[in-house]
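See structure below.
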Amino acid sequence: MKIRVRWIPATIYILVMIFTASLGGLAGFSSFWISLFLPIYAVIAIIYLIISWNYYAWHQEFSTSHPRKGESIHFSIRLSNDGLIPLCGGSCIYTMPGKENSLSLPIGIIPGTKLTEIYETEICCPYRGTYIAGIKSIKLSTPLHILETNITIMPQQFYVYPELYELDDSIEKYAISTGSAIPTGGRGSSDNSIFEYTMPLREEIPEARISWKKWAATGIPTTIVSGQARSRGISIVLDLFPCNKIQTKTPISEEEKLAAEDLIMSAAFSVMQYLVLHDIPVTFFTGGTQKGQLIDSKEIFWNLYERSTGIFFDDETIPLSSFTGDTKSILFSTRPIADLYSEYEHALHSGNEPHVLLCPPKSRFESENEHAELIREQKVAAGSHSLFYVADVMNCKKEIT
């Protein structure tokens, strides 16, 4: 508890005490009581403040400590005067996402009765992230506001994680391995996590099966390779581009930005969850980093998931890790196609293009979808079967499942 003296009213109070004490007997016998009243009042005010602290009570309650995205938290504050006398005035300072408010403490007017006041509200959690709400401090002061006391209280923190969706086994066709390094004997293997994909012809791979269609389309000698996903797994690349940085005539609102980021986060973590639950290891990259984190167990995945509120979209670097490396990648991004086109085109002609799931802000969906059609035409011409999809943030879950 902190005690603060307000020096201006305190100085005035002391000067008045000195003045009344200097009156002497000018007002007769009443002069003595006048000079004695102010010191006695000061002592009584301090005792009154201590009593008020003892009889004031406060309690806050939240409907849940683990809200889901889009859920509202019911928040209530209960302030009570448990004494049988009116108490000092004061206030309860509480914080809500984006604002701070105060409530007056129930002083009480009728002696001999207790008084309780309850304040209720809803805390909306529309997006992934950290929300802070709750009582921040309780303040009391003496009647003349010369002394103020303050108790600081730590507000409650709520972590809203990305939504996780249940995916069917169709996702496995994108979960291809690095057969370029560890090829297997073919699709006849009993391992259900074996997939086929194409890659440039290499001398070190024996009994290569030629992909004549892609060779004719791209002019690059290409082979069909079977690989076990469990040998190395795939790469999940989460682009951290802040989509409100896109230069448009109408600025992209914060709500559009957060909605697009939330959907792309949910997509990335839902895919990772499915792969990990099916024993397909994942290497997770964020932003422009070239060093990924291997996610090969449920424990590692859930640990990463719980830390996902600390992932911020503030990196404008092109995620080159999705266009390089031995493993196939799935790129999740809110970035404009124009920014990715050069790298994607080069990877497409090299037979190393990633699967791409884009989620532009709502106002950019139509234009980005038109650009995606041009990319799809190039993919068909190159004989590529990789995914290139632009998700509509308005459809949310339907776009992922």
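Derivation of every value follows stated rules applied to the coordinates shown; laboratory data play no part. For clarity, every value in this text was computed on a predicted model and none was experimentally measured. Cβ coordinates were reconstructed from backbone atoms using ideal geometry, including for glycine residues, and neighbour counts include every protein chain displayed.
Here is how the numbers come out for the structure above:
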{"item": "The chain - mean residue ellipticity at 222 nm from DSSP helices (-39,500 (n - 2.57) per run, n ≥ 4, rounded to 500)", "result": "-9500 deg cm²/dmol"}
{"item": "Spin-label model distance (nm) - Q378 vs R4, 7 Å beyond Cα toward Cβ", "result": "6.1 nm"}
{"item": "Long-range HN-HN contacts of I153 with modeled amide H, under 5 Å", "result": "S137, I138"}
{"item": "FRET efficiency, 1/(1 + (r/R0)^6) with R0 45 Å, evaluated for S170 and S65 via beta carbons", "result": "0.80"}
{"item": "Relative contact order (%) - the chain, alpha-carbon pairs under 8 angstrom, separation at least six", "result": "13 percent"}
{"item": "Helix axis angle, 337-349 relative to the chain longest principal axis, alpha carbon, degrees", "result": "30 degrees"}
{"item": "Percent breakdown of C-alpha pair distances by 20 Å bin, ordered from the shortest bin, for the chain", "result": "22, 36, 20, 15, 7, 1, 0"}
{"item": "Amide H contacts of D296 (H built 1.01 Å from N, under 5 Å, at least 5 apart or other chain)", "result": "V282"}
{"item": "Dipole magnitude of the chain, debye to nearest 20 (Cβ charges: Lys/Arg +1, Asp/Glu -1, about Cα centre)", "result": "1200 debye"}
{"item": "The stretch 293-401: C-alpha pair distances exceeding 17 Å, %", "result": "61 percent"}
{"item": "Full-stretch length increase - N395, A338 - with 0.36 nm per residue and alpha-carbon distance subtracted", "result": "18.2 nm"}
{"item": "Ranking of I44, I252 by count of other Cβ atoms within 10 Å, fewest first", "result": "I44, I252"}
{"item": "Under the Karplus curve 6.51 cos²θ - 1.76 cosθ + 1.60, θ = phi - 60°, whole-Hz ³J(HN,Hα) for the stretch 83-97, x wherever Gly or Pro sits", "result": "x, 9, 9, x, 10, 4, x, x, 8, 10, 8, 10, 10, 10, x"}
{"item": "Total formal charge among the other residues, if their Cβ is under 14 angstrom from that of S72, Lys/Arg +1 and Asp/Glu -1", "result": "-1"}
{"item": "For the stretch 385-395, Karplus couplings with θ = phi - 60° (6.51, -1.76, 1.60), whole Hz, Gly/Pro x", "result": "10, 6, 7, 9, 9, 10, 8, 8, 4, 6, 8"}
{"item": "Per-residue ³J(HN,Hα) for the stretch 63-74, Karplus 6.51 cos²θ - 1.76 cosθ + 1.60, θ = phi - 60°, Hz, x for Gly and Pro", "result": "5, 7, 9, 10, x, 8, 4, x, 8, 9, 9, 7"}
{"item": "Efficiency of FRET from Cβ geometry, E366 and N101, R₀ 56 Å, rounded to 0.05", "result": "0.85"}
{"item": "Residues with amide H under 5 Å from that of T286, placed H, sequence gap 5 or more", "result": "L238"}
{"item": "Of Y131, Y48, Y274, the one that fluctuates the most in a GNM where the chain has Cα springs shorter than 10 Å", "result": "Y48"}
{"item": "Between helix 254-277 and the chain: long-axis angle, C-alpha atoms, 0 to 90°, nearest 10", "result": "60 degrees"}
{"item": "The stretch 1-160, relative contact order [Cα under 8 Å, separation at least 6], %", "result": "26 percent"}
{"item": "Contact order normalised by residue count of the stretch 264-365, Cα under 8 Å, 6+ apart, percent", "result": "23 percent"}
{"item": "Leading residue at positive end of dipole, the chain (Cβ point charges), from L277, G129, I77", "result": "I77"}
{"item": "Between helix 7-21 and the chain: long-axis angle, C-alpha atoms, 0 to 90°, nearest 10", "result": "10 degrees"}
{"item": "Cβ-based exposure ranking for W53, W212, in which fewest neighbours within 10 Å come first", "result": "W212, W53"}
